[in-house]
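Written out below as structure tokens is the structure these notes cover.
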Amino acid sequence: MRKKIVAANWKMNLTLAEGKNLVDGILAGLPALSDARRVVIASPFTAIAQTVAQLQGKPYIYPGAQNCYAENAGAYTGEVSALMLKDAGVQYVILGHSERREYFKEDSALLAKKVNQGLSNGLQVIFCCGEPLEIRDAGTQNAHVEQQIKEGLFHLDAAQLTNIVIAYEPIWAIGTGRTATSAQAQEIHAHIRQVIAKQYGADAADNMSILYGGSCKPSNAAELFACPDVDGGLIGGAALKSDEFLGIINAMVGQ
């Protein structure tokens, strides 16, 4: 059954004290969740142990990580493996984020290996896709996103796919002054679901959670989450303030 998910991506933000205060604030105002209405907190690696401890025993709110390496172990100075994340108590990992693709030049071949590592170590993978401004202006966003999904995920079998969440990022609407409408979000989310259905069948597509990774905030979350193919959000800036993040969670729970 398709799950609604709101996932916080703290990116490279917050000290340990700040992160603790943020999680405490979220937990203090958290509405009742369920297996079908989940929250994920993806903190920096330095805060994972603390976040795991804070979320211990709290149902349906899960610790996550923002990345992992493509190998299980070895001489890879500075990297963190999916095995290490699982051992630390992490349950979700974000892979293929637009910032990883752009700043760190992560390509589809590397991301496919990272996906394999996440799944083989029992993690739920939040796989990101999305188009930059020039692709959106050219009107080729559907083909661009479809190619990212094919190259990153289509080597998986149907059973493995059940542990994948897709997050669509309208990169062109982040920091550009342009805003993605709920209609635009719905349109490409529906296309992503069709891409999955074509490869894996209608049931797999219907059960796939597809999150919106644009500028989601309390003021537009309910409208976005009401779209039939938008199953929640991957939240950046608004996840760094407990009241804003709780507003988005409440919008998700209310669907």
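Each reported figure results from applying straightforward, stated rules to the coordinates on display, with no laboratory input. The structure presented is a predicted model; accordingly, all values stated were derived computationally and were not measured. Glycine also receives a Cβ, built like all others from the backbone with ideal geometry; neighbour counts cover every protein chain displayed.
Data table
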| quantity | calculated |
| --- | --- |
| Relative contact order for the chain, counting Cα pairs under 8 Å that sit 6 or more residues apart, in percent | 22 percent |
| Order of THR51, THR162 - criterion: other Cβ atoms within 10 Å of each residue's Cβ, fewest first | THR162, THR51 |
| Antiparallel content of DSSP bridges confined to the chain, in %, to 5 | 5 percent |
| Cα centroid separation - the stretch 155-188 against the stretch 126-154, whole Å | 9 Å |
| 22 Å Cα-Cα threshold exceeded, pairs from LYS3/LYS217; LYS58/LYS114; LYS20/LYS105; LYS58/LYS86; LYS20/LYS58 | LYS58/LYS114; LYS20/LYS105 |
| Protection-proxy order for peptides 208-218, 99-109, each taking the mean of Cβ atoms within 10 Å per residue, highest first | 208-218, 99-109 |
| Positive-end residue, the stretch 12-80 charge dipole about Cα centroid, Cβ charges, pick of MET12, ILE48, ILE61 | ILE61 |
| Among ALA28, ALA190, ALA222, residue whose mean-square fluctuation peaks in a GNM of the chain (springs only between Cα atoms under 10 Å) | ALA28 |
| Simple Cβ-charge dipole of the chain, Lys/Arg +1 and Asp/Glu -1, about Cα centre, in debye nearest 20 | 380 debye |
| Reachable aspartates and glutamates from LYS11, criterion Cα separation under 20 angstrom, eight or more residues apart if same chain | ASP24, GLU79, GLU99, GLU102, GLU106, ASP107, GLU131, GLU169, ASP243, GLU244 |
| The stretch 1-59 and the stretch 196-219: distance between their alpha carbon centers, rounded to Å | 21 Å |
| Fewest-first sequence of MET12, MET84, MET252 by Cβ atoms within 10 Å of each Cβ | MET12, MET84, MET252 |
